[in-house]
Amino acid sequence: LPTLAVCVPARNEEANIEACVRSLLASDYPREKLRVVVYDDQSTDRTPEILARLASEDARLVRCPTHPLPAGWNGKQHACWRMSAATDARWMLFTDADVRFEPDALRRAVG
C-alpha cells in the first residue's frame, strides 16, 4: 500500500476530534505508511488541547501549523490546501472531524 495522509480540517471540534482521530489511528493501514494531518483553524474551544494530547500519544498525528486566512479564501479550503502542502504522502484522503472510520476503511479506500 502507498503512503497515505488523512487530512482533517478542524475548527471548534472538541466534541468530535478525538473520536475521529482515534478511529483513524486504530486503522489496520500499515503504521509506517499512515499519517493523520490535522489543521486546527484557530479554534476557541478545547480542540488544540485535545490535539496536543493525542499528538503526544502517537507520532502519526501531525498538527499542521495554522496560518492567517488569505484574502478571497474560505476557511475549509485554505485548511485543506495547507494540509496538502504539509505532506509528501502519495495519497491523501480529506474528511471532516465528525466522521468515524471502521478499522479497514482506509485500506479498502486505497485498495
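The values are calculated or read from the model by the stated rules, or taken from the named source; none is laboratory data. Values in this document were obtained by computation on a predicted structure and should not be read as measured data. Counting neighbours? That spans all protein chains shown, and the Cβs are built from the backbone with ideal geometry, glycine included. All accessible areas refer to the heavy atoms of the entire protein, side chains included, with ligands and DNA or RNA removed. Shrake-Rupley method; radii C 1.70, N 1.55, O 1.52, S 1.80 Å.
The table for this structure:
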item: Full-stretch length increase - Arg100, Glu49 - with 0.36 nm per residue and alpha-carbon distance subtracted; result: 16.3 nm
item: Candidate residues Ser23, Ser56, Ser84: accessible-area rank, largest first, probe 1.4 Å; result: Ser56, Ser84, Ser23
item: Nearest-10 value in Å² for the accessible area of Thr66, using the 1.4 Å probe; result: 60 Å²
item: Heavy-atom surface of the chain, accessible at 1.4 Å and reported per residue (Å²); result: 55 Å²
item: As computed over the chain, the Cα convex hull volume per residue (Å³); result: 92 Å³
item: The chain, dipole about Cα centre (Lys/Arg Cβ +1, Asp/Glu Cβ -1), debye to the nearest 20; result: 360 debye
